[in-house]
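A.B. asks: Structure incoming, see below.
The values are calculated or read from the model by the stated rules, or taken from the named source; none is laboratory data. Please read all numbers here as calculations on a predicted model, not as lab measurements. Glycine also receives a Cβ, built like all others from the backbone with ideal geometry; neighbour counts cover every protein chain displayed. Heavy atoms of the whole protein, side chains included, go into the accessibility calculation; ligands, DNA and RNA do not. Shrake-Rupley method; radii C 1.70, N 1.55, O 1.52, S 1.80 Å.
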Amino acid sequence: MNKPIPSRIHRTHRDNSVASAQTDQGLPQGLPPLSQLPDSMRPFYGEAITEEFVKNFLGNKAVVDAYYHPRAIAGVINASDPASPSDLPTVIPMAAAMRAATQAAAMELIKPHERALVHLATIVYPCGLFFCAHLDDPHALAVGPQFHQVALMRSMLLEQPLKKLKGRHTAMGNTLAAVLGLAYSAEDVDLEQVSRLATAVHLANARITTLWAPPEPAAQRH
């Protein structure tokens, strides 16, 4: 039987004020990378392998743009709110992903040594959704991208970061890929573990999916 991935979660006590704006490869000035966000928003994973994955993921400027571009969301107040986009509240995708990640990591079905990985998986899971929504129209409110588009984009955006992670840590890379619904080697994962982690990731991302990919109005389903 395969052993669970050896992932640990670490927290440090730091000032909860916003981290100083710094520039990183692929990051526009003023947007700190995930590893530099304040402790109140994320755990410090404590493993160089995981941090390298994050760096590879956020090394794509298009991904960063999608995660940090404010989006007007009608559903924040009321899905039928007739207000114009300029009057609606805006949400930063990364902030929404961070909230979902904290929720997933705190679920009872997640074991202590799995919390860092499920936190990371929850953050990157909606990358395809954020990217498609931003690519089509950052201010679109009516109908979000389709499932197949989102799944394909998630696969493309995570292909290289996951390939490098698998090269460094086979079990961790394949477990993360399996949790995200991407290609993996079955002999390198614990399917029971994958099921639990994937459940946490999907449940925590439910609100993000609702806000970024609202169902198509019945009148338009023809």
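A.B. asks: Name the residues in the stretch 90-114 that are assigned to a helix (DSSP H, G or I) and open to solvent by less than 60 Å² (accessible area, probe 1.4 Å), would you?
C.D. replies: PRO93, MET94, ALA95, ALA96, ALA97, MET98, ALA100, ALA101, ALA104, ALA105, GLU114
A.B. asks: Using the structure shown, decide if LEU141 is buried (at least 18 other Cβ atoms within 10 Å of the Cβ), modelled with pLDDT of 95 or more and closer than 25 Å to ALA62 by Cβ.
C.D. replies: no
A.B. asks: Any chance the stretch 115-135 includes a residue that's outside any helix (DSSP H, G or I) and at pLDDT below 90?
C.D. replies: no
A.B. asks: Still on this structure: Could you please give the count of residues in the stretch 166-189 that are open to solvent by less than 10 Å² (accessible area, probe 1.4 Å) and in contact with a Ser or Thr (Cβ under 8 Å, 6 or more places away or on another chain)?
C.D. replies: The total comes to 3.
A.B. asks: Is at least one residue of the stretch 71-80 buried (at least 16 other Cβ atoms within 10 Å of the Cβ), at pLDDT 90 or above and hydrophobic (A, V, I, L, M, F, W, C)?
C.D. replies: Taking every residue of the stretch 71-80 in turn, none turns out to be buried (at least 16 other Cβ atoms within 10 Å of the Cβ), at pLDDT 90 or above and hydrophobic (A, V, I, L, M, F, W, C).
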